[in-house]
């Protein structure tokens, strides 16, 4: 007759182990962890699967982990999209700052040339002559 390894007390510990599992969950990995928990050399998948509570907890946890994995890529896509948008906007800001710097340099040149020609601010602010195109 086989030795009974799983009792009511350690069944709760095994269920807690399954319910708090946070990495890839397979029967082999679970058997290895349960063997460590029970301080035995090894335990087979069939031995664990014979307990309906363990089987049910394993299935539920696997399903929950699949749902979480399915939700994560949507967040990553959104984060990737937003990161690209931020990078594009940073590049646009840099380009516009370069254009603005060129305009400032051009304005300084115009300002100097206007000063050398003896033009006043009033001369520079004169409105344009209206063109009658009829």
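The values are calculated or read from the model by the stated rules, or taken from the named source; none is laboratory data. As the structure is a computational prediction, the values presented were derived from the model and not from experiment. Note: ideal-geometry Cβ built from the backbone for every residue, glycine included; neighbour counts use all protein chains shown.
What do you reckon, is residue 55 surrounded by 10 or more Cβ atoms within 10 Å (Cβ to Cβ), free of Cβ contacts under 8 Å to residues at least 12 places away in the same chain and touching a helix residue (DSSP H, G or I) at 6+ places or on another chain (Cβ under 8 Å)?
Yes: the conditions hold for residue 55.
Looking only at residues that are outside any helix (DSSP H, G or I) and in contact with a helix residue (DSSP H, G or I) (Cβ under 9 Å, 6 or more places away or on another chain) in segment 35-52, which one is surrounded by the fewest Cβ atoms within 10 Å (Cβ to Cβ)?
Across segment 35-52, the extreme among qualifying residues is 41.
If residue 5 passes every condition in (1) over 24 Å from the mean Cα position of the chain (by Cα); (2) touching a residue at least 24 places away in the same chain (Cβ under 8 Å); (3) assigned to a helix (DSSP H, G or I) but one, which one does it miss?
(3)
Residue 55 passes all but one of (1) closer than 30 Å to residue 31 by Cβ; (2) in a loop (DSSP other than H, G, I, E, B); which number fails?
(2)
Taking the residues in segment 8-32 that are surrounded by fewer than 10 Cβ atoms within 10 Å (Cβ to Cβ) and assigned to a helix (DSSP H, G or I) as candidates, determine which candidate is modelled with the highest pLDDT.
28
For a quick check of your reading of the model, give me the residue pairs whose first member lies in segment 63-92 and is under 20 Å from residue 18 (Cα atoms), whose second is at pLDDT 85 or above and surrounded by 10 or more Cβ atoms within 10 Å (Cβ to Cβ), with beta-carbon atoms closer than 8 Å and at least 6 apart or on different chains.
Close Cβ pairs satisfying both conditions: 65/21; 65/25.
Checking residue 118 against (1) over 30 Å from residue 11 (Cα atoms); (2) part of a helix (DSSP H, G or I): exactly one of these is not met. Which one?
Result: residue 118 passes all but (2).
Quick check on segment 88-95. Is at least one of its residues surrounded by 10 or more Cβ atoms within 10 Å (Cβ to Cβ), closer than 30 Å to residue 124 by Cα and modelled with pLDDT of 90 or more?
For segment 88-95, residues surrounded by 10 or more Cβ atoms within 10 Å (Cβ to Cβ), closer than 30 Å to residue 124 by Cα and modelled with pLDDT of 90 or more: present.
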